[in-house]
Amino acid sequence: MMSVQEIAHQAEHTAAEAGQKFDASKVIIEHVSNAPEHPLIHLPRIFGIDFSVTKHVFMLWLVAVLVFVVVVWVVRRYLRQDRLVPSGFMNALEFVVEFVRDEIVQPNVGRKWVNTWTPLVLTFFVFILCANGIGLIPIFDVVGLLDHYVLHTAEDSFVKHMIHGGTTATANFNVTAALATVTFGAIIVAGTLAHGFVKHWKNLVPHGMAWPIYIILIPIEILGMFVRPFALTMRLAANMTGGHIAILAILSFVFLFAELFGRAMAGIGVGLVVSVPLAVGISALEIIVVLIQAYVFTLLTAVFIGMAIHVHH
Amino acid sequence: MTGLVQFFAIPFGLGMIVIGAGIGIGKLAAAAADGIARQPNAADKITGAVNLPLFLLEGVAILGEVFALLVLFLGK
């Protein structure tokens, strides 16, 4: 993420030179980036790695704690009741579990391995869905508004640090890279469990070909092994970042036009006619994207695991 | 040179990515719509079969976009 930090710094410099002029790129980058220069909790550097808790780390923990508490609470309540029929939120949870098991895992992994791999894929699905969904809710922007008009906290308080940067944990490439690394490991483990360690690596290339083909084929397959998790990383993070950037860019028109014409009414007019309807439309689109990206990540994980188990050559 | 890359090559590359992904997704959607129109009760199977290549195609498009943006950011 070095490049984004550098851009943020450059944007700050140019904004400082231009005085109080509105800079759309600075606003967008500040919202989307992890804002490592404004950590929520300062921690020392260990082995050259900055362990400070930033916005995305905070969101990651929030989502993890939320998912854990809600799911454990609902399932415990269901287990305590004396009848088998689920009620309330447990219905929704059962629907999600059955959907992931029957629609995503079983067609790809097969009946034999479905109970081995459903827990992992289900965890991915619930976590990514919650992280994406919470990213849609402008929590920190509301907190910032509240702070500005009601709370009036001190300059370097916890709340003031919170209102720098974005809110979707899965919009950070490092988070999705970690998730894709788990997929990378799961593919190897799946192949090893199904075929044994040596056979799994032999399965990567087709058998019984003339030897010169292997000179080309083996590097391609090794490259493909790394490209698949990389594509998963980029797809999820870029989709989540893209929605935020699009909404902010469209809402920036209000300030850009107000500045261009030198009066506030021009900005308000553009906002009412163009920006707000378009931003509402993109937000509606984002709700679909949130669901689809959670589905895509889990589906592709299941497909790759299935490919390691059922080798087609 | 940097200006040329920034103002010509990267938008050109992004446009090519959009054209490629658009052709791919368009062909997929057209074939799927055709199939569903001929065989409406196979709609679920056709949707399922179309989904995976669609996502892989989207992945390639996003990879191209990410690399274009990387060239923009790192090329300065």
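The values are calculated or read from the model by the stated rules, or taken from the named source; none is laboratory data. Quick caveat: nothing in here was measured; it's all calculated off a predicted structure. For neighbour counting, all protein chains shown are included, and Cβ atoms are generated from backbone atoms with ideal geometry for every residue, glycine included.
Looking only at residues in segment B:46-76 that are facing another protein chain (nearest Cβ under 8 Å) and under 18 Å from B:M16 (Cβ atoms), which one is surrounded by the fewest Cβ atoms within 10 Å (Cβ to Cβ)?
B:L70
Which condition from (1) part of a helix (DSSP H, G or I); (2) modelled with pLDDT under 75 is the one that A:R77 breaks?
(2)
Residues in segment A:292-312 that are in a helix (DSSP H, G or I) and out of contact with any helix residue (DSSP H, G or I) (no Cβ under 7 Å at 6 or more places or on another chain): how many?
3
Report, by residue number, each residue of segment A:117-132 that is of a type outside the set (F, W, Y) and crowded, with 17+ Cβ neighbours inside 10 Å.
A:T118, A:L120, A:V121, A:L122, A:V126, A:I128, A:L129, A:C130, A:A131, A:N132
Does segment A:167-202 hold any residues that are in a loop (DSSP other than H, G, I, E, B), in contact (Cβ under 8 Å) with a residue 24 or more places away in the chain and exposed (fewer than 15 other Cβ atoms within 10 Å of the Cβ), and which are they?
Of everything in segment A:167-202, nothing turns out to be in a loop (DSSP other than H, G, I, E, B), in contact (Cβ under 8 Å) with a residue 24 or more places away in the chain and exposed (fewer than 15 other Cβ atoms within 10 Å of the Cβ).
Of the numbered conditions (1) over 24 Å from A:I292 (Cα atoms); (2) under 17 Å from the mean Cα position of the chain (by Cα); (3) within 12 Å of chain A (Cβ to nearest Cβ), B:P11 satisfies every one except a single condition; which is it?
With respect to (1) over 24 Å from A:I292 (Cα atoms); (2) under 17 Å from the mean Cα position of the chain (by Cα); (3) within 12 Å of chain A (Cβ to nearest Cβ), B:P11 is out only on (3).
A:H207: more than 14 Å from chain B (Cβ to nearest Cβ) and surrounded by fewer than 17 Cβ atoms within 10 Å (Cβ to Cβ), yes or no?
yes
Which of the numbered conditions does A:R111 fail, given that it passes all the others? Conditions: (1) farther than 18 Å from A:T167 by Cβ; (2) at pLDDT 85 or above; (3) in a helix (DSSP H, G or I).
All conditions pass for A:R111, except number (3).
Mind telling me which of the residues A:I213, A:I222 ends up being under 33 Å from the mean Cα position of the chain (by Cα) and either among the aliphatic types (A, V, I, L, M) or within 14 Å of another protein chain (Cβ to nearest Cβ) (or both)?
Answer to the selection: A:I222.
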